1. What is the calculated FRET efficiency for D168 to T132, with r their C-beta to C-beta distance and R₀ = 22 Å, to the nearest 0.05?
2. Work out from phi, with θ = phi - 60° and the Karplus expression 6.51 cos²θ - 1.76 cosθ + 1.60, the ³J(HN,Hα) of each residue of region 168-174, listed in order in whole Hz, and give x for Gly and Pro.
3. Post the alpha-carbon centroid distance, region 60-99 to region 1-40, in whole angstrom.
4. How much length would be gained if the chain were fully extended between S107 and K124, taking 0.36 nm per residue of separation minus their Cα-Cα distance, in nm to one decimal?
5. Residues in region 70-84 near a label at Y17, defined as backbone nitrogen under 11 Å from the 7 Å Cα→Cβ point?
6. Return the FRET efficiency for the residue pair K5, A59: r is the Cβ-Cβ distance, R0 is 25 Å, and the value is rounded to the nearest 0.05.
7. Please list, in chain and number order, the residues 5+ apart from L9 or on another chain whose amide H is under 5 Å from its amide H, with Hs placed from the backbone.
8. At R0 = 35 Å, how high is the FRET efficiency between K145 and V45 if r is their beta carbon distance? Nearest 0.05 is fine.
Amino acid sequence: MTRKKIKVLRLDNGGEYTDKDFTDFCAKEGIKREWTTPYNPEQNVVEQKNRTIVGAAKAMLYDQDLPRFLWAEACNTTIYIHNRTPHRALGKRTPEGVFTGKKPEISHLRIFGSVAYCHILDEKRSELDQTTKKGCLVGYSETSKAYKIYIPSSRKIVIRQDAKFMEDRAFRKSREMPTKGQSKEVPLVQQQQGLQGG
């Protein structure tokens, strides 16, 4: 990916960062460690960033009425998008661009939770089986130019390049506001039926 090396790590005083193996690894790799002051959350940028990521992931799941067990995919998608978004601290450059030296491609980005139809490979189906499966977008592959699609009927996530998205439905859903006294919480069974049925 890149030959750039980590020069400095800012860490809290967690045990995973203070054990001998990690200390030896950092010394061997020439990585300088800087410690935050204990019980000083203002200094702990990592904790602040984690709260931001989890908050965004919760909003994405809630916005599209997706089940909570997809939280890790929502967090990964938040980070994926964050790394391709310009930041003031980087002179309006993106973290991905600074790291790789190339402007990141973003034309493939789609609305999280969009209904997705993915092709079923010929060798994975019989002649009378359906040729597509319906799911929803839950992320992007880190190893190929492909999408992560959650298929409710099998409760599995598949990686596909050839998906077709219904983003207009996801956009409309995100614009809907619950009426007073009405919760947006939808039972998991109803969520899955909605994804399977249309």
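Quick note: the coordinates plus some simple rules give every number you see, no bench work behind them. All of these numbers come straight from a predicted model, not from anything done at the bench. Counting neighbours? That spans all protein chains shown, and the Cβs are built from the backbone with ideal geometry, glycine included.
1. Numbers: r = 18 Å, r/R0 = 0.83.
That pair, D168 with T132, gives E of 0.75.
2. Each residue of region 168-174 in turn: 4, 5, 5, 5, 4, 4, 5 Hz.
3. Using only Cα atoms to place each centre, the spacing works out to 24 Å.
4. On the way: separation 17, 0.36 × 17 = 6.12 nm, distance 2.97 nm.
Taking S107 through K124 to full extension adds about 3.2 nm, to one decimal.
5. Hits in region 70-84 for Y17 at 11 Å: none.
6. Values: r = 35 Å, r/R0 = 1.40.
Step by step, r from the Cβ atoms, then E = 0.10.
7. K32, R33, E34
8. Numbers: r = 31 Å, r/R0 = 0.89.
So the FRET efficiency works out to roughly 0.65.
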